[in-house]
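Below is one structure, written out as structure tokens; comments come after it.
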Amino acid sequence: TRRRLPLAARRRQPSWFAAACQERCFNDLPTAMPVVPTSSLTHASLASGSILDKTLSTQPTIQEAIKVLRQQAASGMVKVEEVQPVAEQALYSVQHATLEELAELAEVFVLVRLRVPLRDMMTVVSEKLRQQPESSTALSSVIKLMRATGQGSLFFSDLFEYCSVRIQSLEPSDLATYVYEGGRHGLRCRHFMDAAMPLVSKEVARMSMTDTMRAWQGLVRFSRDRKEFYIAALPKVRPQLASLTVSQLLLAMRVARDLRRFSEFIDLHAACCTEFMLKMASLTTNEAAQCLAHCSFDTRYRAQAQGLVRSVEQHWGQTEDLSPLRVVEAVEALESLASWNMKPSKVVDRLDNILVERQVELKYSGNVSLWTTAVQAFARMEHYDAKWPLVALELARDRTFLDKISFFQQAALINSFGRLRYFDEAVYNNIAELLLSDFSLFKQPSEIASVLWSYANGNFIHERLFDSAYDLMAGWLEAEQLNLQNMGTQAAIIQICWSFAVAGYHQKYQSFAAFLDYALFTGQDKLRIMHLRRLAQMCDAVLHEGPELRDLCQQPERFDMACSDPRVRNIVSSDPLSEDKLLQELKNTLQGMGWQYEAFCMPDDTSASYVDLSLQRQVNQKLGLLVAGRFEHLAVGLPGESSETREAGVFSLKRRLLHSRGWRTGVVDRSSWAALTSEEQRRKFLEQVVQQHLSGPVV
């Protein structure tokens, strides 16, 4: 007898487990009704529930069970101990029920949030589908069953196979449901959706607006591959944007973002942005975050996109509580704000605090790269005081944890730390070793340039990493596979060569002359200021530290142009200081001491850098003071570890180039100077710095 009982009647599990099973995965129902767990489930063979006692005197039929469950759902308070026995009694009768009755039973199971009985009855449904004669009623019932199982996050391929064979017979509304439910199950139904695309694109004209948006949602996951449907649906959706709900507008904007290569979808994106700006005051925090996720910068977007981003930022600035944001929404918001080159603000700081407060959630998120994406966003905004990058720096000390992200995410992470001026030897070593394990994945200069720059500017020359990069670059040059007409490739080669110059490779290998030929290939009139500055520093280093390489180059005269061209001289002489205030305070102190000095002293007509404050007139020697701040000194380790700062590679190169011209340089950093509270202390400090470099060896 026990073998003939339905599965739900044979199971006797703890009440908390049963309640959890019933409650699970009905999140898209119109209203969420409370489920009150029972102390123990009533055995299916005993009609002991209060509803059964009061309503049914005999074994209930399917229709009677449906009526009782529907009444319980309408009451607004679903109690497991009352509805569970009714559901289990109903499972006895499913063998003799029609497909229409089974569809109705499945719908009431959804209403009372009973997932296990819904799952157990599907075996009978599959048998009936194989025996069911062809009829429009049967097809409609299958669609209802598909919708009910979808709301319970249950997947039964028999339902989709049945409909796919008979798809031409589906009414437009049922076709929209079929597509919507197929989209809910993602990759498991992709082949069904691919086969349905021609018909859906044709029938969208006959669908109501509600059905159109349901089909729109069902296909949104692979929108780029389903563009024919969206192109067909666009004339219907575009004029109705003002009448769409917020969730439907978000779907429209998401597709517009994915299909932005088509001008009509750029127009749709701009129109959606306008609608959201009009609705901004009524949007929830989460809805505003989703707007930002679909508005990351793209040159094809219109002004409305940036307007929406700024509107969200202003709206959040007036919102007291941003805690409803999920961490993924906070990260996507930061990424969007950073893409528009927006500078740090109070909103950004609040998002930063959310990430720090929920760091455990972020660390163990299903999206393993989420924590690195946040670091990249702060790096793009140049938010040097953000808290999250320090948390990420500590996480990156764990090589096992670091290994979970992809190869190129590791490369992007080290570049972000470099841009934020953070250094940690363990982290830099970990990432270098992981990159070396898959070094062949670097396929072009632009992929490796930022990595080498990060290590060079961190003044941390990882020998194996740089040697591997040198060999890889030499192989590309030998194969002549680099397109120097591409300005991105040219810029990357300049950055790579600059990194090797900081690392001293121009003094190690004569083959570096070939690298220089490629770096100097493009005319200076086509290069940006940053690249001209790097070329000048690199050529200056070669001329003073490895002059023999100049004669090995194919066009030696370009070396002279890189250092002496009028445009280059203007760039070098007008290089901004990172610590203007500190320089002014030094000038005031020197004037108070009666010392002669010269600000921005250029050693000669080809020098790639100047001396911030020259004291040559005062001491009759080539002695100068250099000011140092966040750009010249890197923060080392975590704040609580009290590690000394580290000279950045670009600052170290500057001191080397001045040294090659006979200049001694003393460094006055921001933190040391700020610790001096009186003018007398500052004078003594400067006297000590000058005396140290006069009596000691050249630095």
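The values are calculated or read from the model by the stated rules, or taken from the named source; none is laboratory data. From a predicted model like this one, the values you see are computed outputs, not experimental measurements. Cβ coordinates were reconstructed from backbone atoms using ideal geometry, including for glycine residues, and neighbour counts include every protein chain displayed. Just the protein is used for accessible areas: all its heavy atoms, side chains included, with ligands, DNA and RNA removed. Shrake-Rupley method; radii C 1.70, N 1.55, O 1.52, S 1.80 Å.
Non-local amide H neighbours of PHE600 (under 5 Å, H modeled in plane, Pro and chain starts lacking H): which ones?
Result for PHE600 returns LEU613, SER614.
What distance in nm separates the two pseudo spin-label positions at LEU278 and SER169, each 7 Å out from Cα along the beta-carbon direction?
Distance between label points: 4.4 nm.
Leaving out ligands and nucleic acids, note down the accessible area per residue over the chain with a 1.4 angstrom probe, in whole Å². Don't skip to the end; give the middle numbers.
Working: 31240 Å² over 699 residues.
On a per-residue basis, 45 Å².
Pairwise over distinct Cα atoms, reciprocal of the mean inverse distance: report the Kirkwood radius of the chain in Å, one decimal place. Please report the intermediate quantities before stating the final value.
Details: mean 1/r = 0.0324 Å⁻¹.
When all Cα pairs of the chain are included, the Kirkwood radius is 30.9 Å.
By how many degrees, between 0 and 90 and to the nearest 10, does the Cα long axis of helix 99-111 differ from the longest principal axis of the chain?
50 degrees
Heads up, I need the accessible area for LYS363: 1.4 angstrom probe, whole protein in place, Å², nearest 10.
Probe radius 1.4 Å; accessible area of LYS363 about 70 Å².
Cα to Cα, under 14 Å, and not fewer than 8 places away if on the same chain: which aspartates and glutamates meet these conditions relative to LYS443?
Reachable aspartates and glutamates: ASP471, GLU480.
Below 8 Å between Cα atoms, with a sequence gap of 6+, how large is the relative contact order for the chain in percent? It would help to have the intermediate numbers written out before the result.
Values: 879 pairs, mean separation 41.0, N = 699.
Relative contact order, the chain: 6 percent.
Whose amide H sits under 5 Å from the amide H of VAL78, counting only residues 5 or more places off or on another chain, with H placed in the peptide plane?
Close amide H contacts, sequence-distant or interchain: VAL36.
Angle, helix 580-593 long axis vs. longest principal axis of the chain, Cα atoms, 0 to 90°, nearest 10?
For helix 580-593, the angle is close to 30 degrees.
Could you go through the range 535-548 in sequence order and give the Karplus-derived ³J(HN,Hα) for each residue, using 6.51 cos²θ - 1.76 cosθ + 1.60 with θ = phi - 60°, rounded to whole Hz, and x for Gly and Pro?
Listing the rounded values in order: 4, 4, 5, 5, 5, 4, 5, 5, 5, 9, 10, x, x, 5 Hz.
When the accessible area of the range 595-699 is split by element with a 1.4 Å probe, what percent falls to carbon and sulfur?
Numbers: 2350 of 5040 Å².
Here it works out to 47 percent.
Would you work out the charge dipole size for the chain about its Cα centre, treating the Cβ of every Lys and Arg as +1 and the Cβ of every Asp and Glu as -1, and quote it to the nearest 20 debye? List each step's numbers first, then the result.
On the way: 78 positive and 80 negative charges, 279 e Å.
That gives a dipole near 1340 debye.
Averaging sequence separations of C-alpha pairs under 8 Å and six or more residues apart, then dividing by the length of the range 208-290, give the relative contact order as a whole percent.
27 percent
By the scheme Lys and Arg +1, Asp and Glu -1, what is the net charge of all other residues having a beta-carbon under 12 Å from that of LEU484? List each step's numbers first, then the result.
Values: positive: LYS526; negative: GLU480, ASP517.
Taking every other residue near LEU484 into account, the sum is -1.
Rank GLY307, LEU520, ASN457 by how far each Cα sits towards the positive end of the charge dipole of the chain (+1 on Lys, Arg Cβ; -1 on Asp, Glu Cβ) and give me just the farthest.
Looking along the dipole axis, the top candidate is GLY307.
Taking only C-alpha pairs under 8 Å that are 6+ residues apart, what is the relative contact order of the range 152-233 in percent? Walk me through the intermediate numbers first.
On the way: 75 pairs, mean separation 28.2, N = 82.
Answer for the range 152-233 is 34 percent.
Which value in nm describes the separation of the simple spin-label points at GLU545 and ALA242, placed 7 Å from the Cα toward the beta carbon?
Reported label-point gap for GLU545 and ALA242 is 6.6 nm.
Report, in listed order, any pair from LYS67/LYS128; LYS387/LYS684; LYS363/LYS581; LYS587/LYS654; LYS346/LYS404 with a Cα-Cα distance greater than 28 Å. Write out the running numbers ahead of the final one.
Working: LYS67/LYS128 23 Å; LYS387/LYS684 36 Å; LYS363/LYS581 40 Å; LYS587/LYS654 21 Å; LYS346/LYS404 32 Å.
Among LYS67/LYS128; LYS387/LYS684; LYS363/LYS581; LYS587/LYS654; LYS346/LYS404, the Cα-Cα distance tops 28 Å for LYS387/LYS684; LYS363/LYS581; LYS346/LYS404.
Set the Förster radius R0 to 51 Å, insert the Cβ-Cβ distance between ASP575 and GLU264 as r into 1/(1 + (r/R0)^6), and round the FRET efficiency to 0.05. The partial results should precede the final answer.
Values: r = 47 Å, r/R0 = 0.92.
Computed FRET efficiency for ASP575 and GLU264: 0.65.
May I ask which residue of PHE109, ALA379, SER247 lies farthest towards the positive end of the charge dipole of the chain, with charges of +1 (Lys, Arg) and -1 (Asp, Glu) on Cβ and the Cα centre as origin?
Farthest towards the positive pole: PHE109.
Run a plain Debye calculation on the range 128-281 (Cα atoms as equal point scatterers, no solvent) and give log10 I(q)/I(0) at q = 0.16 Å⁻¹, rounded to two decimals, same order as the q list.
Cα-only, vacuum Debye calculation for the range 128-281: -0.85.
Just the projected area, averaged over all directions, of the convex hull on the alpha carbon atoms of the range 236-324: how many nm²? Each step should come with its number before you reach the end.
Numbers: hull surface 21.9 nm².
Reported value for the Cα convex hull: 5.5 nm².
Provide the gained length on full extension for the span ASN353 to GLN524, in nm with one decimal, where the gain is 0.36 nm per separating residue minus the Cα-Cα distance.
Working: separation 171, 0.36 × 171 = 61.56 nm, distance 4.45 nm.
Net length gain for the segment: 57.1 nm.
Given the options GLN168, VAL200, GLY183, identify the residue whose Cα lies farthest towards the positive end of the charge dipole of the range 165-205 (+1 on Cβ of Lys, Arg; -1 on Cβ of Asp, Glu).
Positive-most Cα among the choices belongs to GLY183.
How much length would be gained if the chain were fully extended between LEU638 and GLN691, taking 0.36 nm per residue of separation minus their Cα-Cα distance, in nm to one decimal?
15.7 nm
Which three extents, in whole angstrom, do the alpha-carbon atoms of the range 290-448 cover along their principal axes, largest first?
46, 36, 28
Would you mind computing, in nm to one decimal, how far apart the modelled labels at GLU161 and LEU477 are, each placed 7 Å from Cα along Cα→Cβ?
Here the answer is 6.2 nm between the modelled labels.
What number comes out for the charge environment of GLU632, summing +1 per Lys or Arg and -1 per Asp or Glu over other residues with Cβ under 11 Å away?
Numbers: positive: ARG421, ARG630, ARG646, LYS654, ARG655, ARG670; negative: GLU579, ASP612, GLU647, ASP669.
Around GLU632, the charge tally is +2.
Quick one: helix 679-695 against the long Cα principal axis of the chain, what's the angle to the nearest 10°, folded into 0 to 90?
70 degrees
What number, in nm² with one decimal, is the all-direction average of the projected area of the convex hull of the alpha-carbon atoms of the range 459-559?
Working: hull surface 24.5 nm².
Over every viewing direction, the Cα hull of the range 459-559 projects on average to 6.1 nm².
Rounded to the nearest 500, what is the 222 nm mean residue ellipticity of the chain from helices alone, with -39500 (n - 2.57) per DSSP H run of 4+ residues and division by all residues? All intermediate terms of the calculation are to be shown ahead of the outcome.
Numbers: 38 runs with 423 residues, N = 699.
Value at 222 nm, helices only: -18500 deg cm²/dmol.
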